[in-house]
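Trainee: The structure follows.
All of the numbers you see were taken from the coordinates with simple rules; none came from a lab. Nothing here was measured: the structure is a model prediction, and the numbers come from that model. Note: ideal-geometry Cβ built from the backbone for every residue, glycine included; neighbour counts use all protein chains shown.
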Amino acid sequence: MGDTLIDTGGVRSFNRKVFRCGNGDIVGISGNYATALNFVKWYNGDKDKPQPRGDYECLVLDSYGGLTIWEFGVTMTIKDEFYAIGEGAQACLAAMYLGHTPKTAVQIAKKVNVQVGGRSHIERI
C-alpha cells in the first residue's frame with residue numbers, strides 16, 4: 001500500500017511505488033525514485049550486479065510474511081506487525097497503531113503531509 005506522489009526536482013508527478021516481484025515478494029520504495037526503481041529491478045532478479053546505492057529506502061514483504069528494510073546497502077529485519085517508510089511513515093504508523101487499516105493510514109498521511117499524495121496503490125497479499 002502506498003501513495004503515488006513523486007517529487008522530481010521540485011516538480012510533482014505521479015507513479016506507483018509498490019511492486020510485486022516474480023517470486024511473490026512485494027517491494028515498496030521511497031526516496032530517489034530512479035535509484036529505487038533500479039533496486040526493484042535488481043531485487044527482482046538482476047542480482048549479478050551489486051545492489052544499487054543511493055538515497056532510497058525499500059521495504060520488502062516476502063512471500064512468507066517477513067518484513068525487511070533495504071537502505072544504504074544494509075538490510076534490517078523488522079519484527080513489528082506492520083511498518084512504513086517514506087515521508088508519510090510517521091502518520092501511517094500512528095494511524096495503524098490506532099487500529100486503522102493501511103489504506104486508511106495512507107489517506108490520513110495525505111491529509112497531514114504535503115509530500116504524500118496522488119492515488120493509493122494496493123498490492124494484495
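Trainee: Give the cross-link partners of Lys110 among the lysines, using a straight C-alpha distance below 23 Å as the criterion and excluding same-chain residues fewer than 8 apart.
Mentor: Lys17
Trainee: Using DSSP to call loops (not H, G, I, E or B), can you name the trypsin sites (Lys or Arg not before Pro) in the stretch 59-122 whose Cβ has at most 15 other Cβ atoms within 10 angstrom?
Mentor: Those that pass, being in a loop and sparsely packed, are Lys79, Arg119.
Trainee: In nm, give the distance between the simple-model label positions of Lys49 and Ser63, each being 7 Å from the Cα along the Cα-to-Cβ direction.
Mentor: 2.4 nm
Trainee: Under a point spin-label approximation (7 Å from Cα along Cα-to-Cβ), what is the Arg12-Glu123 distance to one decimal in nm?
Mentor: Those two pseudo-labels are separated by 2.6 nm.
Trainee: Please order Ser63, Ser30 by the number of other Cβ within 10 Å, starting at the fewest.
Mentor: In increasing order of surrounding Cβ atoms, one gets Ser63, Ser30.
Trainee: To make sure I understand, if each residue's beta carbon is the centre and we count other beta carbons within 10 Å, what order do Tyr97, Tyr64 fall in, fewest to most? If you can, show how the numbers build up before the last one.
Mentor: On the way: Tyr97 12, Tyr64 7.
Listing Tyr97, Tyr64 from fewest to most nearby Cβ atoms yields Tyr64, Tyr97.
Trainee: Would you tally the net charge around Thr35, using a Cβ to Cβ cut-off of less than 11 Å, leaving Thr35 out, and scoring K and R as +1, D and E as -1?
Mentor: 0
Trainee: Right, here's the next one. Sorted from largest down, give the three principal axis spans of the alpha carbons of the stretch 1-69, whole angstrom values.
Mentor: If we take the Cα atoms of the stretch 1-69, the spans are 37, 27, 18 Å.
Trainee: Can you spot the lysines whose alpha carbon is less than 18 Å from Lys49's alpha carbon? Ignore those fewer than 8 places along the same chain.
Mentor: Within reach: Lys41.
Trainee: What is the gain in length, in nm to one decimal, between Val74 and Asn23 on full extension, counting 0.36 nm per residue of separation less the C-alpha to C-alpha distance?
Mentor: Working: separation 51, 0.36 × 51 = 18.36 nm, distance 2.11 nm.
Answer, rounded to one decimal: 16.3 nm.
Trainee: Taking neighbour Cβ counts within 10 Å as the exposure measure, how do Cys58, Cys92, Cys21 sort from fewest upward?
Mentor: Listing Cys58, Cys92, Cys21 from fewest to most nearby Cβ atoms yields Cys21, Cys58, Cys92.
Trainee: What shape does the stretch 45-125 have by the C-alpha gyration tensor, where a ≥ b ≥ c are the square roots of the eigenvalues, rounded means a/c under 1.5, and otherwise prolate means a/b greater than b/c and oblate the rest?
Mentor: Cα axes put the stretch 45-125 in the prolate bin.
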